[in-house]
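Scroll down for the structure; my scribbles are underneath it.
Coordinate-derived values only; no laboratory data. On a predicted model such as this, the values are computed, not experimentally measured, just so you know. Heads up, the Cβs are rebuilt from the backbone with ideal geometry, glycines too, and the neighbour counts pull from every protein chain shown.
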Amino acid sequence: MDILHLYEQPKHFTLLETDGKYFSSFDEFNGIVESLKQKAVRDITGEGFGESQMRFTLDLEIRYGGQINVRRVTSPRLELKNSDDCRQLYDAFEKEYIETFSSLSAVPQNGVDIEHFTLKASVPVETAEFKSEDSMTEDPSGALKGVREVYWNDALGDVKTPIYDRAKLKSCNTIPGLAVTEGDDTNIVISPGWTFQLDRLGNGILRKDGA
């Protein structure tokens with residue numbers, strides 16, 4: 001799973017005036033984006049990643065003037081530099097808005113307002129691949145080390161119990177209690193009424209019989 005950080009800031013801008021003119025406060029708009037971006041760079045470099053590895057997208061909450069319905073739109077650009085950039089942003093908003101509501105709800109003559117900034121900062125992370133076993137058998141006899149007396153409880157006392165080598169167990173090997181598996185890092189006690197099974201990825205699963 002990729003690393004993902006979100007940085008938000010509420011801020012009102014009028015993207016499109018009622019007279020059809022796009023806004024020109026580019027420095028202020030871009031300053032907010034840059035401020036959020038620097039926070040992201042600070043945090044993610046602190047996690048050991050380089051700035052060159054980061055990917056940024058900008059989501060904006062936008063609505064038509066006088067309406068309460070807001071749409072979150074991914075901006076085609078991180079920065080707005082001219083009226084063409086504003087027009088691309090409006091087109092993306094209009095498309096989302098019409099798909100969600102209807103073309104009758106699109107009222108650019110009322111103006112268009114930006115209300116909220118969300119910068120997404122992500123770092124692609126290579127997905128680990130886990131090796132699985134192709135051979136599957138429920139018979140665990142190949143991992144049997146021997147039999148040893150094990151004290152279970154006052155009712156059972158000492159019982160001759162099969163002991164299995166955890167490293168030699170194969171995919172789908174199934175061991176009913178009473179039994180013990182021994183490994184380099186841990187031993188697993190399989191109590192009466194429980195069953196231990198190894199899955200294809202080597203994970204040990206304990207299940208209560210009948211559950």
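Here the spin labels are modelled as points 7 Å beyond Cα on the Cα-Cβ line, and at residue 110 and residue 32 they lie 2.0 nm apart.
Its residue count N fixes a reference of 2.2 N^0.38 Å for region 141-208, and the Cα radius of gyration divided by that reference is 1.07.
Between the alpha-carbon centres of region 118-182 and region 62-84 there is a gap of 55 Å. For region 3-123, lysine pairs separated by 8 or more sequence positions, or belonging to different chains, with Cα-Cα distances below 19 Å total 8. When you restrict to C-alpha pairs under 8 Å that are six or more residues apart and normalise by the size of region 141-208, the relative contact order lands at 24 percent. Along the axis of the charge dipole computed for region 3-123 (Cβ charges of +1 for Lys and Arg, -1 for Asp and Glu, origin at the Cα centre), the listed residues 33, 106, 80 are led at the positive end by 33. Of all DSSP-defined beta bridges confined to region 116-211, some 85% are antiparallel rather than parallel. Taking the Cα atoms of region 47-174, the ratio Rg/Rh between the radius of gyration and the Kirkwood radius comes to 1.48. Express the relative contact order of the chain as a whole percentage, based on alpha carbon pairs under 8 Å and six or more residues apart in sequence. The normalised contact order for the chain reaches 21 percent. Here's the picture: charge each Lys and Arg Cβ at +1 and each Asp and Glu Cβ at -1 in region 147-211, and of 188, 147, 201 the one pushed furthest to the positive end of that dipole is 201. Counting 0.36 nm for each residue step from residue 24 to residue 149 and taking away their Cα separation leaves a gain of 36.6 nm.
Take every Cα pair under 8 Å whose residues are at least 6 apart in sequence, average their separation, divide by the length of region 4-88, and the relative contact order is 30 percent.
When +1 charges are put on Lys and Arg Cβ atoms and -1 charges on Asp and Glu Cβ atoms, the dipole computed for the chain relative to its Cα centre reaches about 260 debye.
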